[in-house]
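Enquirer: Take a look at the following structure, please.
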Amino acid sequence: MPIRRLLATSLLFAAISSAGAHAAPPPPTEQQVSSFFRAVQMDDANTVRKMVGAVVNANELNPLGGEPALVLAIREGARDVVRELLRHPGTDLERQAVNGNTALMMAAFKGDEEVVRALLDKGAKVNQPGWTALHYAAAGGHDKIAQLLVERGAMLDTLSPRQSGAYTPLMLAAREGKDGTARLLLARGAKTGLKNAEGLTAAQIAKQAGRDKLAGELTQ
């Protein structure tokens with residue numbers, strides 16, 4: 001075979017081999033997806049490590065519940081899996097569940113300060129339109145998390161979606177009787193004159209909830 005033809009054949013074979021080596025893996029089967037999310041819930045980090053990226057996309061939504069693996073792991077308290085997913089370069093920290101929850105929002109809701117800090121250190125976004133991690137921390141009375149979020153730039157007066165009442169974090173703290181969190185937000189500069197979808201201020205919401213002392217503090 002002439003050298004020129006042999007060289008062309010070799011280059012073609014190399015190109016085909018390279019294309020095959022970088023071809024995307026086939027989509028996972030329903031059973032594989034089910035096994036993956038079961039491993040997430042059971043905090044089976046070994047199985048997750050073997051499957052994520054190679055079999056199942058790190059950001060795929062669970063058919064049952066519509067949560068990505070990271071959000072589900074945080075909700076279930078699956079710490080080993082959370083660490084594994086945070087180490088995986090393909091994990092999108094901002095991947096939302098079908099209800100809009102991000103990993104940071106779920107960690108704030110659960111009151112998991114360690115995971116909140118880990119997510120922030122990895123670059124998770126503190127602010128977004130509508131519900132935020134600070135709303136969840138305020139409603140749950142998770143003062144240390146609320147303080148941490150504010151230190152990392154959380155906007156104090158973001159309104160939740162209007163169809164959900166248009167609450168600021170301060171209003172939620174007042175409604176849920178989380179006086180310490182309300183005072184923390186107030187001290188950091190949260191506005192008291194804003195009104196929710198019903199036209200109520202944080203002080204009026206506190207009054208309705210029977211928190212007369214807090215209502216007085218919010219009107220000063």
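Taken together, the values in this text are just the output of simple stated rules run on the coordinates, not laboratory data. Values in this document were obtained by computation on a predicted structure and should not be read as measured data.
Enquirer: Mean 1/r over all different Cα pairs, inverted: what Kirkwood radius does the stretch 91-220 give, in Å?
Expert: Working: mean 1/r = 0.0691 Å⁻¹.
Value: 14.5 Å, from the Cα pair sum.
Enquirer: In addition: For the stretch 33-130, list log₁₀ I(q)/I(0) at each q in 0.13 Å⁻¹, using the Debye formula over Cα point scatterers of equal strength and ignoring solvent, two decimals each.
Expert: -0.37
Enquirer: Now, a different point. Rounded to a whole number of µm²/s, how large is the Stokes-Einstein D of the stretch 128-169 at 4 °C and 1.567 mPa s, given Rh as the Kirkwood radius over C-alpha pairs? Please report the intermediate quantities before stating the final value.
Expert: Numbers: Rh = 10.2 Å.
Answer, rounded: 128 µm²/s.
Enquirer: Another one. Considering all projection directions equally, how large on average is the shadow of the alpha-carbon convex hull of the chain, in square nanometres?
Expert: On the way: hull surface 65.8 nm².
Mean projected area for the chain: 16.4 nm², to one decimal.
Enquirer: How large is the helix-only mean residue ellipticity at 222 nm for the chain, computed as the sum of -39500 (n - 2.57) over DSSP H runs with n ≥ 4, divided by its residue count, in deg cm²/dmol to the nearest 500? Let's see the in-between values first.
Expert: Values: 13 runs with 120 residues, N = 220.
The helix-only estimate for the chain comes to -15500 deg cm²/dmol at 222 nm.
Enquirer: Could you estimate the translational diffusion coefficient of the stretch 102-172 from the Stokes-Einstein equation, with Rh from the Kirkwood formula over C-alpha pairs, at 25 °C and 0.890 mPa s, in whole µm²/s? Mind showing how you got there, number by number?
Expert: Numbers: Rh = 11.6 Å.
So the translational diffusion coefficient is about 211 µm²/s.
Enquirer: Still on this structure, please answer the following. In the chain, which helices (entire DSSP H runs) extend 20 Å or more along their own long axis, judged by Cα positions, while averaging at least 0.5 on the Kyte-Doolittle scale?
Expert: Values: long enough: 3-21 (27 Å, 1.24).
Once both thresholds are applied, what remains is 3-21.
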